[in-house]
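Asker: Quick one: the structure is below, questions incoming.
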Number of protein chains: 2
Amino acid sequence: MRGGNKTHLMAARRFDLIKDRAQVKFCNELREISSNMKNMKQLENSVLVRRTDQIKEELRKGVRKPYREVIDVSWGDPHSGGLKPLSFVRQVLAACLHPQLINSNKMPMDARQRAQGLLNKCPGGSVGSYTATAGIPEIVHRVSEFITRRDGGVPSDPANIYITCGSQWALTNILNILVNPEASSRTGVLTPVPGFFVTNLSVKSLGGVTVPYFLNEEQGWTLQVEELHRALESAKGVCNPVALYVVNPGNPTGHLQTRKSIQEVIQFAAENRLFLLADEVYQDCIHGENRGFVSFKRVLAEMGPPLSDTVELASFHSASKGVLGECGLRGGYVELVNLDPGVMKYIYNLFSIDSCPPVLGQIGLDVMSKPPQPGEPSYPLYSQETQHIRTMMVQNVKKFSEVVNSLQGFHCQPLEGGAFAFPRLHLPPKAIEAAKEVGMQPDTFYCLRLQEEAGVIARPGCDCGQREGTYHIRFCIMITPDIMEELLRRLSNFHRKFMNDFS
Amino acid sequence: MRGGNKTHLMAARRFDLIKDRAQVKFCNELREISSNMKNMKQLENSVLVRRTDQIKEELRKGVRKPYREVIDVSWGDPHSGGLKPLSFVRQVLAACLHPQLINSNKMPMDARQRAQGLLNKCPGGSVGSYTATAGIPEIVHRVSEFITRRDGGVPSDPANIYITCGSQWALTNILNILVNPEASSRTGVLTPVPGFFVTNLSVKSLGGVTVPYFLNEEQGWTLQVEELHRALESAKGVCNPVALYVVNPGNPTGHLQTRKSIQEVIQFAAENRLFLLADEVYQDCIHGENRGFVSFKRVLAEMGPPLSDTVELASFHSASKGVLGECGLRGGYVELVNLDPGVMKYIYNLFSIDSCPPVLGQIGLDVMSKPPQPGEPSYPLYSQETQHIRTMMVQNVKKFSEVVNSLQGFHCQPLEGGAFAFPRLHLPPKAIEAAKEVGMQPDTFYCLRLQEEAGVIARPGCDCGQREGTYHIRFCIMITPDIMEELLRRLSNFHRKFMNDFS
């Protein structure tokens, strides 16, 4: 899951899975996992997650610790971070499920009307029915209108939009079209470091390889086109790069790309015939006051022909992130730009296999695409709730940056968007040595002690990828002010003690 | 989707997709689709679905036809067939989404308690949070208790159960582990004919091949082990069969396997080291009065060692089918039996990529696994609603079989389970000729006229596979009595006229 606290997936290609399986089946014993790197990856996470579970269990049993509850900021999950769901979203969903509520005067009229309108579009008038593969046509249409508004009028064609069971599902399936497991040269996908590790595992599980490009931390985690050139060069003789994956706003970096940077990336993709995969799920989560989100789709359109007619782009978005934060609904979408109709047909076919996206996820996207408007009964509360979250995020960013940057050894780049902070951690040599002695990555070692001693569960930078010899910690900052305060208190105390212990 | 009215997926392997894509990209023109069979498959469906959409549009515009509404029985979708959702399921779901309802006295106490209990298990107390990859542990546990009860006490380990975004998702991902796209000999999966066509497309999209085995229509669509031997023999030199896919109760056949037949299949799988994929999504949908559903898991366990300890089995079930009928929630599960822990680890990794199953689908499975019990406030209504559906299905089966078997040229085998009937259609030579003249499969030709003249949308047998020279039509029979009556009236009139026209 996006930002989830899951055991790190092993970097296993399907080929390896099968080899292992064949051995299991025919020899009744499992082949040793062949690669040390794989072993290490598995170990890192097993240790952390296993201990997290134990700590929670110990707390349940009343074992005394310096904390009563853990603070889990290893997920990018607003509700588990204490944020409240938006009332209008939940009213519409509940009324769709339990249509008696449509006649209840305990719910605002516009929520009930929205629910009735949506039910009218469901086969059999029930959210329990299958829908079209791409989603209920009227919802897809509303998503396309949302995109057009977002992009200052750049047209969006509903026929190019697929609602899916989360944006990661969509990404994996687009990769499934792009990655050819049977080619003589492996298919390569350029992916950012640091990045969202699940995408790398998607690529690998399909038989492709990732070609890492490094984001420039010193420049605020910017994506620099010279680095893309270097990465592409590095792929020569190794694989056949066909796609470039970009995450904006950045996970885990918190960086927001400028229009100029997006233009450069598009130009690079065009020159090298790369399919652009733009993961824009945090587009609604911008903290900076002076800059807004600009989509790849918009920049591409505004660059004009021939680029605007030729560069192939898939842009991903979701109901899980931003102010909606409905991860559990599993509703995402992908918009496809400049794909040949022949390829679109294959995408339709592939997406059809899993029938249709969850209907309630579709409804989540419907509300995201068309929230209550001024003058409607739910508008004041909706505005108040969303504004509250946005203000809170700005305060969180300010507070987190101030406190963490004041801690010796921590340095956090400016946070402009997204749900995470990814400060660099300059560890004392003694700490690095201690980690090595127990066979652990130094940042995992730090995280393990952080959860042990302070009950704070964060994700080590090695999970996301980082330049060798550098260490980072990823924190979800989409949490309530109370939790943020407590997090920073615990982190500060722990960190001072840790640095002291290993100085 | 299961039984969905979707354009038939092309039998395209990923390799072909890529080749096409490469041509699109580098030559700016799409390669002609290379295989006539593929062309035909695409054509068959395009014609039908396109015309369905046109007819609906014409009706909306007020074009006069012999019918005012279409009857769509091409899907296996109870709610779109007019069935009502179960009240308790919807009450629990609505209360989970909109927790104010937990304090409302308009909902029964047990529904509110169930909702509160489930929310307590959600991270952050919200169904909008991510859950564990396999689902909320308490729900997984409830599913395992359901399985144990169903199987007369045969134990079920929650660690072997994964809740998923529908059972087809689970099946595709288990196939993803089994099918090796890089092996020198293609991976084969034995699949039934007739069968559920999407599974074949899953296999093919992963780079595997299907090895068809024919169900014996004359014997009531039984699965005969001699035919499995023949199919396996036919695979020699073509592919490397690793798995056997069985659908029980049958889709589209309506056949219910006997314990003896299941034992034979398990024996066959053991002898040939095949992984058993048991699609049992219609297990709750049994029409016969004298026989019940027996699971592969149960039969396997009761066969004792060594089989019960060694035969690898994946059993699939869903909240979409049977009396629940909540297709739109997208909640299914797979139980894995006798898999090596090393393989289970890979499954965990692969399933983790898509984060977690939809939370509301998980809740649907929770209610399915533990419905209201005698003495609880919701028990009487729940019993009444489910009994109503069961009685209706028995009556539908009786009425459908009587009427269709009375029509000249139609013959339907006994219907024992599932949501479909798949009667054979003996077409007059003139009808077959007329179909060939327009380049259509004869049963597609029949379906096209059926929807044109009678507004009944059914699925031609060629979509499901059938012995050459035989023709069938698939009808969903999980529809209200009104719709069933109208369906049979329209079908009878149309059929008599059709047979007359081509006699």
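Every read-out reported here was derived from the displayed coordinates using simple, explicitly stated rules and does not represent laboratory data. Fair warning: this is a prediction, and the values are worked out from it, not measured in the lab. Note: ideal-geometry Cβ built from the backbone for every residue, glycine included; neighbour counts use all protein chains shown.
Asker: Name the aspartates and glutamates eligible as straight-distance cross-link partners of A:K65: C-alpha to C-alpha under 18 Å, and not fewer than 8 places from it in the same chain.
Answerer: List returned: A:D53, A:E57, A:E452, A:E453, A:E486.
Asker: Hey, got the average number of other protein chain Cβ atoms within 10 angstrom for residues in A:322-331? Before the final figure, lay out each step's value.
Answerer: Values: counts 0, 0, 1, 4, 6, 11, 21, 7, 11, 1.
For this peptide, the per-residue mean of nearby foreign Cβ atoms is 6.
Asker: Within a 10 angstrom radius of each residue's Cβ in A:344-353, how many Cβ atoms of other chains show up on average? Whole number is fine.
Answerer: 6
Asker: Using Cα centres only, tell me the gap between region B:164-184 and region B:437-503 in whole Å.
Answerer: Using only Cα atoms, the two centres lie 33 Å from each other.
Asker: May I pose another question? Over the whole of A:238-244, what's the average partner chain Cβ count within 10 Å per residue? Rounded to a whole number, please. Each step should come with its number before you reach the end.
Answerer: Numbers: counts 0, 0, 1, 0, 4, 0, 0.
Per residue, the number of nearby Cβ atoms from other chains is 1 on average.
Asker: When the scattering of region A:131-369 is computed by the Debye formula from its Cα atoms alone, each counted once and equally, what is log10 I(q)/I(0) at q = 0.17 Å⁻¹?
Answerer: Here the Debye-derived log intensity ratios amount to -1.36.
Asker: Can you give me the long-range amide H partners of A:S318? Hydrogens built in the peptide plane at 1.01 Å from N, cutoff under 5 Å, separation of 5 or more residues or another chain.
Answerer: Under 5 Å from the amide H of A:S318 lie the amide H atoms of A:Y333, each far enough along the sequence or on another chain.
Asker: Compute the Cα gyration tensor for region B:77-195, then decide on rounded, prolate or oblate, letting a ≥ b ≥ c be the square roots of its eigenvalues: rounded whenever a/c is under 1.5, prolate when a/b is larger than b/c in the other cases, and oblate in all that remain. Mind showing how you got there, number by number?
Answerer: Values: a/c = 2.19, a/b = 1.90, b/c = 1.15.
Prolate, because a/c is 1.5 or more and a/b exceeds b/c.
Asker: Could you work out the relative contact order of chain B? I mean the mean sequence separation of Cα pairs under 8 Å and 6+ apart, divided by the number of residues, in percent. Before the final figure, lay out each step's value.
Answerer: Values: 897 pairs, mean separation 99.7, N = 503.
This gives 20 percent for chain B.
Asker: Step through the residues of region B:244-256 one at a time and calculate ³J(HN,Hα) from phi using the Karplus curve (6.51 cos²θ - 1.76 cosθ + 1.60, θ = phi - 60°), rounding each to whole Hz and writing x for Gly and Pro.
Answerer: Karplus values, whole Hz, x for Gly and Pro: 10, 9, 10, 10, 9, x, x, 10, x, 6, x, 7, 10.
Asker: Placing +1 at every Lys and Arg Cβ and -1 at every Asp and Glu Cβ, with all other atoms neutral, what dipole size does the protein assembly as shown have around its Cα centre, in debye to the nearest 20?
Answerer: The dipole of the protein assembly as shown has a size of about 760 debye.
Asker: Here is a follow-up. Among A:344-350, B:124-130, A:398-404, how do they line up by average Cβ neighbours within 10 Å per residue, starting with the highest? Write out the running numbers ahead of the final one.
Answerer: Details: A:344-350: 20.1, B:124-130: 25.1, A:398-404: 16.9.
The densest-packed peptide leads the list: B:124-130, A:344-350, A:398-404.
Asker: In percent, what relative contact order does region A:331-449 have, based on Cα pairs under 8 Å that are 6 or more apart in sequence?
Answerer: Numbers: 51 pairs, mean separation 14.7, N = 119.
With pairs under 8 Å counted, the relative contact order is 12 percent.
Asker: Do the sum for the protein assembly as shown: with -39,500 (n - 2.57) for every DSSP H run of n ≥ 4, divided by all residues, what is the mean residue ellipticity at 222 nm, to the nearest 500 deg cm²/dmol?
Answerer: Values: 34 runs with 454 residues, N = 1006.
Roughly -14500 deg cm²/dmol at 222 nm, from the helical runs in the protein assembly as shown.
Asker: Listing B:S355, A:S156 from the residue with the fewest other Cβ atoms within 10 Å to the one with the most, what is the order? Don't skip to the answer; put the middle values down first.
Answerer: Numbers: B:S355 28, A:S156 23.
By the 10 Å Cβ count, ascending: A:S156, B:S355.
Asker: Then there is this: How would region A:461-503 be classified by its alpha-carbon gyration tensor: rounded, prolate or oblate, with rounded meaning a/c under 1.5 and the a/b versus b/c comparison settling the rest?
Answerer: Values: a/c = 4.90, a/b = 1.21, b/c = 4.05.
Judged from the Cα gyration tensor, region A:461-503 comes out oblate (a/c at least 1.5, b/c at or above a/b).
Asker: Taking only C-alpha pairs under 8 Å that are 6+ residues apart, what is the relative contact order of region A:137-193 in percent? Mind dumping the intermediate values first?
Answerer: Values: 22 pairs, mean separation 12.0, N = 57.
Reported as a whole number, the value is 21 percent.
Asker: Run through region B:283-314 and list the GluC sites (Glu not before Pro) located in a DSSP loop whose Cβ has at most 15 other Cβ atoms within 10 Å. Please list the in-between numbers first.
Answerer: Details: sites: B:E289, B:E302, B:E312; in loops: B:E289, B:E312.
Here the sparse-neighbourhood loop sites are B:E289.
Asker: Let me ask something additional. With point charges of +1 on the Cβ of Lys and Arg and -1 on the Cβ of Asp and Glu, referenced to the Cα centre of region A:131-369, which listed residue (A:L171, A:A270, A:Q362) lies farthest in the positive direction of the dipole?
Answerer: A:L171
Asker: What is the distance in Å between the Cα centroid of region B:270-339 and that of region B:107-125?
Answerer: 29
Asker: I'd like to know which of B:M393, B:Y348, B:V70 lies farthest towards the positive end of the charge dipole of chain B, counting +1 on Cβ of Lys and Arg and -1 on Cβ of Asp and Glu.
Answerer: So the residue we want is B:V70.
Asker: List A:I432, B:I147 from most exposed to least, where exposure is judged by having the fewest other Cβ atoms within 10 Å. If you can, show how the numbers build up before the last one.
Answerer: Values: A:I432 18, B:I147 24.
Final ranking by Cβ density, sparse to dense: A:I432, B:I147.
Asker: Going down the list A:K236/A:K297; B:K204/B:K398; B:K321/B:K436; B:K260/B:K430; B:K204/B:K399; A:K84/B:K56, which pairs span over 31 Å between their C-alpha atoms?
Answerer: Where the Cα-Cα span goes over 31 Å, the pairs concerned are B:K204/B:K398; B:K321/B:K436; B:K260/B:K430; B:K204/B:K399; A:K84/B:K56.
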